[in-house]
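Taking it in order: structure first as structure tokens, then the write-up.
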Amino acid sequence: MLHLALHGDLLANLGITLLRVAGAFTLAMVVGSAIGIALGIWRRLDLAFDSWLTVLLNLPALVSIMLMYVWFGLNEPTAIIAVALNKLPSTAVTLREGARTLDRSLLEMARCYRMGRWAVLRHVILPQLTPYFFAAARSGLAIIWKIVLVVELLGRSDGVGFAIEQYFQLFDVTDILAYTLAFILVVQAIEWGGWQPLEHWANRWRR
Amino acid sequence: MGRVAAFGTLGQSVAAVILEVLIRRKTFPGAREPVLADLAFALGAHEIVAVVGPSGCGKTTLLRLISGLDQTFEGEITWTQSGPRQSGPAPAGVAPPRLGMVFQEPRLLPWRTVWQNLALVLPPGQDAAAAALLKRLGLWAERDSYPSRISLGMARRVAIARAFAIAPALVLLDEPFASLDAGNADLGRAVLLEAWEARPTAALLVTHDLTDAAALADRVLMLAGRPARIIADIPIAANERRGDRATVAQLAARLRDIQERSVISGF
């Protein structure tokens, strides 16, 4: 693995994959959260889009990726959107559950004291949703990792997925494992250096 | 305004009417009988009015109507200083005045500090006065604490401070001392008076506890029946208002008498 890192293109491939992961993750979290919160708050919207969400939730990743590539071409934005599309519905579902359990009494308080729309979102609604947000983010990163590799394998000429496919054709188990290990290290680093401090900060008000 | 005759008498100390409440009927969806009917009264600036009545008689509903949290009723709630508000949504251009609200529970945002909880609802230019109020209520040292780190009694005090800090035209209080034992309720009432003296406003206090009414009110409205109506409107004489412990106890006993007599004769 060290050899690959120093002499091969592991770092380059890992970097490009990470960028894709970051792009798809951000897209899926932001759009998915917005949709989920909207569905949780407005019941009518929920009734209208519930079945669509179920369809999207159960669409096989392979199908959505291929359709996206066929419809929009083998390019970078398509790859990222295809990945995001696979995470988006589950983020929306998680955040919708959160938005359904919002504390009505605090919303009433905000209304009595005439807090503005954005102030309510920022100070009353979003803080209540942080546990759901973290749950969605953790599972989301895991799923997106996996799907980015598939997307790379199918339609990109760089990145970890592409590299693994090449090693697969050579039956080069050592290098596949090296890539996998590199992967695991990065994920652990994100858990320890990213989520945990962030979660600690978000929960600072708890007893 | 010919309607004025329909309103109850005002306490002697009242300078100007700020609010006229006329509720012809309030019925909850699906209910056969209305909760409130033919209920009318007016509220003066700087007046503390206690609305007393048995639990479940519709006192909280009355507060929700006045606060605008519930807008489905027949009648009119008229803010005489900033224009009228009919039942249903407020007409364009007429803003009801600022209201402070003290709920049965503190209802502070747990993820914001004591000071942030106030600052989030303060109108511009009220920061210094709010800080002064926190100091006066003994909360200044806890301004950077989260609500989960202070005692429940203190959180209640913060909720009272918040209601008065926004320089409201009216503070609505919904059984603010209901879940406290006698000693802490005394303390709560003292804090409320302290806040009211620091920032004099009209206050409407809903309570089932006649001691609350006797200790705080300029005027007591008694509600009873189904649908609830005002069965008595009792101005408190100046020498009995917000008196010492013995005065309060005596007054509370007298109010209890009136309540029992009215209930027996009227229902």
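The values are calculated or read from the model by the stated rules, or taken from the named source; none is laboratory data. Computed from a prediction, not measured in an experiment: that's the story for all the values here. Positions of Cβ are backbone-derived with ideal geometry, glycine not excepted, and every protein chain shown enters the neighbour counts. Only protein heavy atoms, including side chains, enter the accessible area calculation; ligands, DNA and RNA are left aside. Shrake-Rupley method; radii C 1.70, N 1.55, O 1.52, S 1.80 Å.
Computed over neighbours whose Cβ is under 14 Å from that of residue A:206, the net charge equals +3, Lys and Arg +1, Asp and Glu -1. Roughly what % of DSSP beta bridges within the protein assembly as shown run antiparallel, to the nearest 5? Here the antiparallel bridges make up roughly 55 percent for the protein assembly as shown. The chymotrypsin sites (Phe, Trp or Tyr not before Pro) found in region A:126-204 that occupy coil by DSSP, while having at most 14 further C-beta atoms within 10 Å, are A:171.
Among beta bridges identified by DSSP and lying wholly in chain B, the antiparallel ones come to about 55 percent. With springs only between Cα atoms under 10 Å, which of A:155, A:194, A:140 fluctuates most in a Gaussian network model of chain A? Checking each option, the largest mean-square fluctuation is seen for A:194. Under 5 Å from the amide H of residue B:75 lie the amide H atoms of B:24, B:87, each residue being 5 or more positions distant or on a separate chain, with H modelled from the backbone and absent for Pro and chain starts. Placing unit charges on each Cβ (+1 for Lys and Arg, -1 for Asp and Glu) gives the protein assembly as shown a dipole about its Cα centre, and among B:29, B:201, B:152 the Cα reaching farthest toward its positive end belongs to B:201. With all protein chains in place and ligands, DNA and RNA left out, the 1.4 Å accessible area ranks B:208, A:123 as B:208, A:123, largest first.
If N is the number of residues in region B:176-267, what value comes out of its Cα radius of gyration divided by 2.2 N^0.38 Å?
Taking N as the residue count of region B:176-267, the ratio is 1.11.
Measuring spread by the Cα atoms of chain B yields a radius of gyration and Dmax of 18.2, 54 Å. P(r) tail for region A:2-202, what percent of Cα pairs lie past 31 Å? It works out to 29 percent of all Cα pairs. Net charge in the neighbourhood of residue A:161 (other residues with Cβ under 12 Å of its Cβ; Lys, Arg +1, Asp, Glu -1) is 0.
Among A:117, A:43, A:100, the residue with the largest mean-square fluctuation in a Gaussian network model of chain A, with springs joining Cα atoms closer than 10 Å, is A:117. Between residue A:190 and residue A:203, the distance separating the two model label sites (each 7 Å from Cα on the Cα→Cβ line) works out to 2.0 nm. Within straight-line reach of residue A:146, meaning a Cα separation under 18 Å, sit the following aspartates and glutamates at least 8 residues removed in sequence or on another chain: A:76, A:158, A:165, A:175, A:191. Two decimals is fine: what is log10 I(q)/I(0) at q = 0.07 Å⁻¹ for the protein assembly as shown, from a Debye sum with one equal scatterer on every Cα and no solvent? Taking Cα atoms of the protein assembly as shown as identical point scatterers yields -0.53. Between B:60, B:78, B:247, the residue with the greatest mean-square fluctuation in the GNM of chain B (Cα pairs under 10 Å linked by springs) is B:247.
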